[in-house]
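K.L.:
Sharing a structure with you now.
The values are calculated or read from the model by the stated rules, or taken from the named source; none is laboratory data. Since this is a predicted model, take the numbers as computed values, not measurements. No Cβ is skipped: glycine too gets one built from the backbone with ideal geometry, and neighbour counts run over all protein chains shown. The area values use the complete protein model at the heavy-atom level, side chains included, leaving out ligands, DNA and RNA. Shrake-Rupley method; radii C 1.70, N 1.55, O 1.52, S 1.80 Å.
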Amino acid sequence: MATGEPLIVLDGVNKWFGPLHVLDDVSLSVGKGEVVVVIGPSGSGKSTLCRTINRLEPITSGTITFDGQPLPAEGKALAKLRSEVGMVFQSFNLFAHKTILENVTLGPVKVRKEKASVARERGLALLDRVGIANQADKFPAQLSGGQQQRAAIARALAMQPKAMLFDEPTSALDPEMVGEVLDVMTSLAGEGMTMVVVTHEMGFARHAANRVIFMADGQLVEDAPPSQFFANPRSERARDFLSKILTH
Amino acid sequence: MNVLIDKFDVFAGGFWLTLQICVLAAIGALILGAVVAVLRISPVPPLRAVGTGYVNVFRNMPLTVVMFFAAFGLPALGSNADFLRVPGLDAIFSRLGTDLPYFRFALIALVLYTAAFVCEALRSGVNAVPAGQAEAARSLGLTFGQNLRYVVLPQSWKASVVPLGSVIIAMIKNSALIGFFGVVGDLSQTADQLTSAEGYAFVPVAIGISIGYLIMTVPLGALLDRLEKRQAVAR
């Protein structure tokens, strides 16, 4: 579990989309092996926060360091950093023209220059691990949403990343498929992967997270262990949010 | 209508010359257009500016004016476009190697002009690929070039084929202008030669050269339709 040594550090991060202040002086430290779940109402900046960590969104001011290094600007160094940070998207974003196995092996072969046979072997093992080894030669469009998202997780894991970012990984799924994706994420968390998870799945936050971050209006409002956060939220904003989602 | 039979060799010669310049110009425009398209979508702002500037200049200028610049501007600069006298290539495309430079000038103008449209057809294909595809590729650590090569271009191709075909068909028809800029013996200039110099009636000659252009454009259009249908099935 968490060793306390910080892997991802955000310090005084601000981000403006034109006149919109989407990240307002956000500071956050994620330790190695820690699982941090980010929750909050839509438009609170939680997805943007997640996307700044591998610089899919550049920030306006502040600093972000990953594994001791400040995020590099566009170029080879940034590509290398991104290869060490896995990312899973709400809309899966599997490469539509490639088979599931090709999706999983593209990064290792082209970015890491691994031998095709090595990448293939590990790719198949990862697909087996997420329970879709029998889908390896199909195209993304032939799979269910849950299967596609599990393939996307396998694709990110194939790079053997130091951390994984999940940007609302279950929000585009039919309800009966949410569980299969959360199962994979829970087992990953149990193995000590450093994870930042933006989600609305409160069950996952309760049982898999080390910390829950609550965001509202671009600000980081609360940062607490899940038991404490759900039982006794300190801010009015968080109490209001929880009352809205937990009453149903 | 006897002119079509009596002067068949003249029509055939015109057809052959027009086909030559169109094949060369299509290859040149596809290559240059692809380069400009890469500039226009590159993450480096100065390169993007160069690409955008190119498209703004050559897409918005009449082809006639581009031809004027090529046919009168290049000689004024002391160039005979001799770099196009490629050994080997001029064995098939004999006009590339002649001392009279007008075929080469016309070729340059056609390539410069058409490349702007090729660029935009390719770019519209790239824009048709969902942004998430390129984002996923970037998040895996693929560089800009790898992203284009392995993820974006293989998918954008489908959306580019049909507009690209229209651009090339338009280019074939645009090539009818070259006769006014010193190129002797292409399809259109053949018509001029037969009617004004040799006194043949205009309509039969016009029918003759129309057939010549249609032989080039109609099969190209049919090929595009087939490609489009095949994609519809694959999708």
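K.L.:
Tell me, Kirkwood radius of chain A from alpha-carbon pair distances, in Å? Don't jump to the answer; show the numbers that get you there.
P.N.:
Details: mean 1/r = 0.0539 Å⁻¹.
After inverting the pairwise mean of 1/r, the radius is 18.5 Å.
K.L.:
May I pose another question? In Å and whole numbers, how far do the C-alpha atoms of the protein assembly as shown stretch along each principal axis, longest first?
P.N.:
Sorted largest first, the three principal extents are 100, 47, 43 Å.
K.L.:
Which angle between 0 and 90 degrees, to the nearest 10, do you get for helix A:145-157 versus the longest principal axis of chain A when only C-alpha atoms count?
P.N.:
With both axes taken from Cα atoms, the answer is about 90 degrees.
K.L.:
Run the dipole for the protein assembly as shown about the Cα centre, Lys and Arg Cβ at +1, Asp and Glu Cβ at -1, nothing else charged, and hand back the magnitude in debye, nearest 20. Numbers along the way, then the final one.
P.N.:
Values: 42 positive and 39 negative charges, 107 e Å.
Here the protein assembly as shown has a charge dipole of around 520 debye.
K.L.:
Summing +1 for each Lys or Arg and -1 for each Asp or Glu, what net charge is found among the other residues whose Cβ lies under 9 Å from the Cβ of B:CYS119?
P.N.:
On the way: positive: B:ARG40, B:ARG59, B:ARG123; negative: B:GLU120.
Result for the neighbourhood of B:CYS119: +2.
K.L.:
Rolling a 1.4 angstrom probe over the protein heavy atoms, how many square angstrom per residue are accessible across segment B:2-234?
P.N.:
Values: 11270 Å² over 233 residues.
On a per-residue basis, segment B:2-234 sits at 48 Å².
K.L.:
Next up: Quick one: angle between helix A:100-110 and the longest Cα principal axis of chain A, in degrees between 0 and 90, rounded to 10, please.
P.N.:
Helix A:100-110 sits at roughly 90 degrees to that axis.
K.L.:
Under 12 Å from a label point 7 Å along Cα→Cβ of A:SER61: give me every residue in segment A:201-233 with its amide N that close.
P.N.:
none
K.L.:
When we measure straight from the Cα of A:LYS113, which lysines land under 27 angstrom away, once same-chain ones fewer than 8 places off are left out?
P.N.:
Qualifying lysines at Cα under 27 Å: A:LYS32, A:LYS76, A:LYS80, A:LYS98, A:LYS138, A:LYS162.
K.L.:
What aspartates and glutamates sit close enough to A:LYS46 to cross-link, taking a C-alpha to C-alpha distance under 16 Å and skipping anything fewer than 8 places away on the same chain?
P.N.:
Partners found: A:ASP11, A:ASP24, A:ASP25, A:GLU57, A:ASP167, A:GLU168, A:GLU201, A:ASP217, A:GLU222, A:ASP223.
K.L.:
Picking from A:GLU34, A:GLU191, A:GLU102, which is most flexible by a Gaussian network model of chain A using Cα springs under 10 Å?
P.N.:
Ranking A:GLU34, A:GLU191, A:GLU102 by mean-square fluctuation puts A:GLU191 first.
K.L.:
Of B:LEU30, B:LEU74, B:ALA134, whose Cα points farthest to the positive end of the dipole of segment B:2-234 (charges on the beta-carbon: +1 Lys, Arg; -1 Asp, Glu; origin at the Cα centre)?
P.N.:
Most positive-ward Cα: B:ALA134.
K.L.:
If you find the alpha carbon centre of segment B:20-49 and of segment B:168-228, how far apart are they in angstrom?
P.N.:
What the calculation gives is 26 Å, centre to centre.
K.L.:
Now for a different question. Per DSSP helix of 4 or more residues, -39500 (n - 2.57); summed, then divided by the residues of chain B. What does that give at 222 nm, rounded to the nearest 500? Don't skip to the answer; put the middle values down first.
P.N.:
On the way: 10 runs with 163 residues, N = 235.
Taken over chain B, the calculation gives -23000 deg cm²/dmol.
K.L.:
Still on this structure, I have one more. Checking an interface number: how much accessible area is buried between B and A, summed over both chains, with a 1.4 Å probe, in Å² rounded to 100?
P.N.:
Numbers: alone 12500 and 11260 Å², together 22050 Å².
Summing both sides, the interface buries roughly 1700 Å².
K.L.:
Using +1 at the C-beta of Lys and Arg and -1 at the C-beta of Asp and Glu, which of B:VAL218, B:VAL205, B:THR64 has the Cα lying farthest in the positive direction of the dipole of chain B?
P.N.:
Going by the Cα projections, it comes out as B:VAL218.
K.L.:
What Kirkwood hydrodynamic radius do you get for segment B:13-91 when you take the inverse of the mean 1/r over all pairs of distinct Cα atoms, in Å?
P.N.:
Working: mean 1/r = 0.0670 Å⁻¹.
With all distinct Cα pairs of segment B:13-91 included, I get 14.9 Å.
K.L.:
Pick from B:VAL66, B:VAL203, B:VAL55: which residue has the top mean-square fluctuation in a GNM of chain B where Cα pairs under 10 Å get a spring?
P.N.:
Comparing B:VAL66, B:VAL203, B:VAL55 in the GNM, the peak value goes to B:VAL203.
K.L.:
Also, quick follow-up: What whole-number value in Å² describes the accessible area per residue of chain A for a 1.4 Å probe? Mind dumping the intermediate values first?
P.N.:
Numbers: 10450 Å² over 248 residues.
Per residue, chain A has 42 Å² of solvent-accessible surface.
K.L.:
Compute the long axis of helix B:131-140 from its Cα atoms, compare it with the longest principal axis of the Cα atoms of chain B, and write down the angle in degrees, 0 to 90, nearest 10.
P.N.:
So the helix axis and the longest Cα principal axis differ by about 60 degrees.
K.L.:
Now for a separate question. State to the nearest 20 debye the size of the charge dipole of segment B:1-150 about its Cα centre, where the only charges are +1 on K and R beta carbons and -1 on D and E beta carbons. All intermediate terms of the calculation are to be shown ahead of the outcome.
P.N.:
Working: 10 positive and 7 negative charges, 97 e Å.
The dipole of segment B:1-150 has a size of about 460 debye.
K.L.:
Provide Rg and Dmax in Å for segment B:2-234, with only Cα atoms included in the calculation.
P.N.:
For segment B:2-234, the Cα radius of gyration and maximum Cα-Cα distance read 20.3, 69 Å.
K.L.:
Can you tell me, using C-alpha contacts under 8 Å and at least 6 residues apart, the relative contact order of chain B as a whole percent? Let's see the in-between values first.
P.N.:
Values: 254 pairs, mean separation 65.7, N = 235.
About 28 percent, as a whole number.
K.L.:
Using a 1.4 angstrom probe on heavy atoms only, work out the carbon and sulfur share of the accessible area of the protein assembly as shown in %.
P.N.:
Looking at the protein assembly as shown in its full context, I get 60 percent from C and S.
K.L.:
Another one. Tell me the volume per residue, in Å³, of the convex hull enclosing the alpha carbons of segment A:36-175. Please report the intermediate quantities before stating the final value.
P.N.:
Details: hull volume 18.0 nm³, N = 140.
Cα convex hull per residue, to the nearest whole number: 128 Å³.
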